[in-house]
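J.: Below is a structure I'd like to ask you about.
The values are calculated or read from the model by the stated rules, or taken from the named source; none is laboratory data. No experiment lies behind these values; they were computed from the predicted model shown. With ideal geometry, Cβ positions are generated from the backbone for all residues, glycine too; neighbour counts draw on all protein chains shown. The area values use the complete protein model at the heavy-atom level, side chains included, leaving out ligands, DNA and RNA. Shrake-Rupley method; radii C 1.70, N 1.55, O 1.52, S 1.80 Å.
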Amino acid sequence: MTNPNNISLNISHALEFIDGHALNIPTLKILSDQGDVLDGATAPDIDKETALRIYSTMRFIRLLDERMQGAQRQGRISFYMQCLGEEAAVTASAAALKEDDMIMAQYREQAAIHYRGFSLEQFMNQLFSNEKDLGKGRQMPVHYGSKELHYLTISSPLGTQIPQATGYAYGQKLKHIDKETGELTSEIDNVTICYFGEGAASEGDFHAGLNMAAVHGSPVIFYARNNGYAISTPADEQFKGDGIAARGVGYGIKTIRVDGADALAVYAATQAARKIAVENGEPVMIESIAYRLGAHSTSDDPSGYRTKDEEAEFKNSCPVNRFKQWLLKQNWLDEAQDDAEKEKIREDILAALKVAEKVQKPTLEDLVSDVYDTPIPSLQKQYDELKAHIKAYPDAYPVTAGRIK
Amino acid sequence: MAKMNMLHAINSALDITMAEHPQACIFGEDVGYFGGVFRATSGLQEKYGKHRVFNTPLTEQGILGFANGLAAFGAPALAEIQFADYIFPAFDQIVNESAKFRYRSGNEFDVGNLTIRTPYGGGIAGGLYHSQSPEAYFAHTPGLKIVVPRNPYQAKGLLRAAIKDDNPVIFFEPKRLYRASVGEVPEEDYSIELGKAEVIREGTDITLLAWGAQMEIIEQAAQKAEEAGISCEIIDLRSILPWDMDTVAKSVVKTGRLVVSHEAPITNGFGAEIAATIQKECFLHLESPIERVCGLDTPYPLALEKEYVPDALKVFAAIKRSMEF
Ligand SMILES: Cc1ncc(C[n+]2csc(CCOP(=O)(O)OP(=O)(O)O)c2C)c(N)n1
């Protein structure tokens with residue numbers, strides 16, 4: 001029976017409370033830690049080309065993260081954030097989408113934008129906030145974005161992208177709705193994937209975004225990266241009950257939990273999620289369970305809040321190696337060639353770093369443009385005054401003084 | 001007395017509060033065992049237990065809603081927002097709830113026990129979302145008090161006063177100075193009265209006014225001005241709401257000139273309120289228009305921070321403009 005409260009009532013005469021853990025949602029795992037397809041599991045349909053592209057993306061991001069973490073320690077860039085431990089989650093989920101599906105990420109998802117084609121040079125230009133950075137040197141390192149690649153530029157305030165993804169996806173669906181009947185006339189051609197951490201899932205925006213997506217049927221894939229920590233706060237001080245997945249269920253959203261270190265499981269789950277979203281015009285939630293192998297960011301020191309034993313336990317569960325083992329067993333990858341390529345990538349990264357480091361900073365005009373479509377009069381006046389000031393004291397502003405007309 | 005940096009001084013004020021009131025609680029993102037991302041609450045969880053010093057889930061709206069409830073109950077609620085940039089998700093709880101608790105209930109209820117601490121301001125290569133100075137948004141809301149210390153001694157005394165004050169107080173901590181500013185601080189308890197500006201240096205030609213991290217900048221500018229033969233009176237406003245109009249007006253009557261400086265964008269920044277008020281109070285004593293040296297009307301940038309911020313040179317240029325008017 002349904003009632004006006006939109007709940008199908010299942011009447012009971014027993015005074016019973018349901019426990020927060022009652023759902024006990026299972027975790028999809030396909031690959032063993034050694035890279036074998038587990039008994040009873042089925043590998044998803046994945047062609048060699050896609051599989052290798054996933055692998056080469058993960059490998060690239062590992063090497064980039066390693067080098068740029070080092071560059072931050074040397075004081076060459078101001079900040080860095082690694083994807084370490086979550087490469088499979090981010091890459092394989094992005095790979096299961098169409099190239100022009102929208103990606104709205106939190107910040108740690110550099111693998112997704114690289115999968116789409118964000119080049120080494122583009123990474124470097126953003127990290128060094130030079131004048132070639134698409135973001136014009138305004139944001140901290142790792143705040144990537146590219147309209148061409150359908151990757152919304154990262155914003156630091158957590159959770160804000162979640163209701164935005166709901167709205168964006170609604171727009172994607174609207175194109176396929178019959179004006180008269182309000183029914184879907186065809187399969188939706190694009191969806192939005194929205195990544196966020198288990199910490200960000202505590203923000204009000206999360207609850208607002210999921211609820212609106214469920215009620216209005218936005219074709220959005222909510223991808224919760226549960227990696228155990230939000231800076232120093234462990235997951236058990238972040239939420240109770242059956243994880244973030246249970247909340248998807250609570251909002252009436254089809255939900256799956258996957259092993260986030262298992263590229264095949266992530267790929268299979270995201271493919272299936274996309275299918276639900278495009279066919280039914282509704283949101284789907286994926287909770288991926290992985291471990292943040294590195295520090296939160298270069299401003300953080302995890303030795304202050306987690307034990308060496310715990311870190312050691314997870315060190316072995318490397319998602320990149322797990323997938324590599326599977327590829328080797330498929331005979332799709334040659335170990336010697338892989339090693340040679342890694343060496344080459346390391347050299348390329350170092351070379352690109354050295355180039356980007358020397359590119360000039362953005363111009364003074366880049367400081368005042370894009371606040372509005374055109375600078376408002378007060379800002380134009382401030383800009384003119386600032387130019388005059390810098391001209392009067394050029395030595396104090398060496399980055400811009402020489403380039404002012 | 002002991003040598004302390006600003007983080008130690010804040011920690012000491014919190015420690016005294018926790019010892020004084022058995023129900024005082026410190027909470028916010030990462031403030032528990034880890035001691036907060038800047039370590040202002042280090043060691044307090046070990047000392048006072050997980051029930052009173054704890055990590056919250058990552059929800060600023062939740063932190064301030066919870067804090068309002070706890071303070072309404074009567075316990076000192078010491079809430080931390082990890083960066084002032086992230087106070088906006090809690091905006092409704094602060095401006096509609098904390099600020100109006102007492103007024104809307106006819107004094108049946110209040111959240112006078114609430115203190116919100118949050119690091120603000122630039123200078124740490126933090127870009128748009130780790131550098132903002134949002135004091136003016138809150139200064140537009142009656143019912144709140146807003147305080148900004150300039151060094152460790154001020155931080156401890158003002159924070160203790162903020163906690164003891166019977167109104168909700170937002171305490172903006174200049175994060176650039178957390179470790180950089182070191183000074184003598186009494187280990188025992190003391191308070192510095194809220195709502196009072198401090199004349200930190202007397203002068204005759206022009207008054208320079210700022211607060212928090214910007215104090216260092218106007219002091220440097222005053223040094224340059226001194227070398228050019230201009231005598232500057234320097235005032236630290238300390239409390240933005242309520243602000244000490246009398247001390248500022250008295251100084252401007254004496255010097256006839258005023259430069260106000262803050263990091264936040266100039267338009268509708270708190271400097272605008274000061275300029276308007278002082279213009280009315282001191283109209284016949286002014287020798288030149290009140291100058292404001294502030295951030296540009298753009299978000300706080302990463303790459304061109306030097307160009308963006310009101311530095312000593314810009315303040316010095318304003319002093320000269322004012323003197324030569
Ligand atoms: C609204 C807001 N509050 C606080 C912060 C500071 N902050 C940045 S990252 C972070 C932890 C995020 O953890 P989680 O969402 O679990 O993602 P993870 O870092 O584990 O990938 C915090 C508290 C922020 N960026 N935005």
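J.: Take residues that are facing another protein chain (nearest Cβ under 10 Å) and tell me which of the helices (runs of 4 or more DSSP H) falling wholly in segment B:254-325 contain 2 or more.
T.: Output list reads B:305-308, B:312-324.
J.: Specify the residue that is farthest from B:Pro119 (Cα to Cα); the eligible residues are those in segment B:190-219 that are open to solvent by 30 Å² or more (accessible area, probe 1.4 Å) and outside any loop (DSSP other than H, G, I, E, B).
T.: So, considering only residues that are open to solvent by 30 Å² or more (accessible area, probe 1.4 Å) and outside any loop (DSSP other than H, G, I, E, B), the one farthest from B:Pro119 (Cα to Cα) is B:Arg201.
J.: Moving on to the next point. Just for segment B:267-291: of the residues that are within 14 Å of B:Ser133 (Cβ to Cβ) and either at pLDDT below 95 or surrounded by 21 or more Cβ atoms within 10 Å (Cβ to Cβ) (or both), which one is nearest to the chain's Cα centre (by Cα)?
T.: Top of the filtered list is B:Phe270.
J.: On the given criteria, is B:Glu173 touching a Pro at 6+ places or on another chain (Cβ under 7 Å) and either in a loop (DSSP other than H, G, I, E, B) or open to solvent by less than 20 Å² (accessible area, probe 1.4 Å) (or both)? Break it down stepwise before answering.
T.: Values: touching a Pro at 6+ places or on another chain (Cβ under 7 Å): yes; either in a loop (DSSP other than H, G, I, E, B) or open to solvent by less than 20 Å² (accessible area, probe 1.4 Å) (or both): yes.
Judged against the criteria, B:Glu173 is a match.
J.: Out of A:Asp334, A:Asp370, A:Asp384, report the one residue that is at the interface with another protein chain (Cβ under 9 Å from one of its Cβ atoms) and of a type in the set (D, E, K, R).
T.: None of the others qualify; the one that does is A:Asp370.
J.: Those residues that are within 16 Å of the ligand (Cβ to nearest atom) and open to solvent by less than 20 Å² (accessible area, probe 1.4 Å), I need them from segment B:37-54; list them, please.
T.: B:Ala40, B:Thr41
J.: May I pose another question? Scan segment B:63-74 and report the pairs whose first residue is under 15 Å from B:Arg117 (Cα atoms) and whose second residue is of a type in the set (Val, Ile, Thr) and open to solvent by less than 10 Å² (accessible area, probe 1.4 Å), with Cβ atoms within less than 6 Å and a gap of 6+ or a chain change.
T.: Listed pairs, sorted by first residue: B:Leu64/B:Ile94; B:Asn68/B:Val111; B:Ala71/B:Val111.
J.: Test B:Ala71 against the criterion of being away from the ligand (no atom under 15 Å from the Cβ), in contact with a Pro (Cβ under 8 Å, 6 or more places away or on another chain) and outside any loop (DSSP other than H, G, I, E, B), and give yes or no.
T.: When the stated conditions are applied, B:Ala71 passes them.
J.: What is the number of the single condition among (1) within 13 Å of chain B (Cβ to nearest Cβ); (2) more than 17 Å from the chain's Cα centre (by Cα); (3) among the β-branched types (Val, Ile, Thr) that A:Thr160 does not meet?
T.: (2) is the only condition that A:Thr160 fails.
J.: Listed residues A:Ser303, A:Ser299; which is in a loop (DSSP other than H, G, I, E, B), modelled with pLDDT under 95 and closer than 22 Å to A:Met68 by Cβ?
T.: A:Ser299
J.: Return yes or no: is B:Ile116 within 16 Å of the ligand (Cβ to nearest atom) and within 14 Å of chain A (Cβ to nearest Cβ)? I'd like the intermediate steps shown before the answer.
T.: Working: within 16 Å of the ligand (Cβ to nearest atom): yes; within 14 Å of chain A (Cβ to nearest Cβ): no.
Answer is no for this residue.
J.: Continuing with this model, one more query. For segment A:151-177, how many residues meet the condition of being within 16 Å of the ligand (Cβ to nearest atom), open to solvent by less than 50 Å² (accessible area, probe 1.4 Å) and part of a loop (DSSP other than H, G, I, E, B)?
T.: 7
J.: Something else now. Go through segment B:78-99 and give me each residue that's more than 13 Å from the ligand (Cβ to nearest atom) and in a helix (DSSP H, G or I).
T.: B:Asp92, B:Gln93, B:Ile94, B:Val95, B:Asn96, B:Glu97, B:Ser98, B:Ala99
J.: Also: Go through segment A:304-320 and give me each residue that's over 28 Å from A:Ile30 (Cα atoms) and surrounded by 14 or more Cβ atoms within 10 Å (Cβ to Cβ). Reasoning before the result, please.
T.: In the first step, residues of segment A:304-320 are kept if they are over 28 Å from A:Ile30 (Cα atoms); the result is A:304-308.
Passing the criteria: A:Tyr305, A:Arg306.
J.: Taking the conditions exactly as written (at pLDDT 95 or above and open to solvent by 30 Å² or more (accessible area, probe 1.4 Å)), does A:Arg53 satisfy them or not?
T.: Details: at pLDDT 95 or above: yes; open to solvent by 30 Å² or more (accessible area, probe 1.4 Å): yes.
Yes.
Rundown of residues vs (1) touching a His at 6+ places or on another chain (Cβ under 9 Å); (2) within 23 Å of A:Asn316 (Cβ to Cβ); (3) modelled with pLDDT under 95, yes/no style:
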| residue | (1), (2), (3) |
| --- | --- |
| A:Ala246 | yes, no, no |
| A:Val249 | no, no, no |
| A:Gly252 | no, no, no |
| A:Gly260 | no, yes, no |
| A:Ala263 | no, yes, no |
| A:Val266 | no, yes, no |
| A:Ala272 | no, no, no |
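J.: Suppose we keep only residues that are within 16 Å of the ligand (Cβ to nearest atom) and in a strand (DSSP E or B) within segment A:178-206. Which one would you say is surrounded by the most Cβ atoms within 10 Å (Cβ to Cβ)?
T.: A:Cys194
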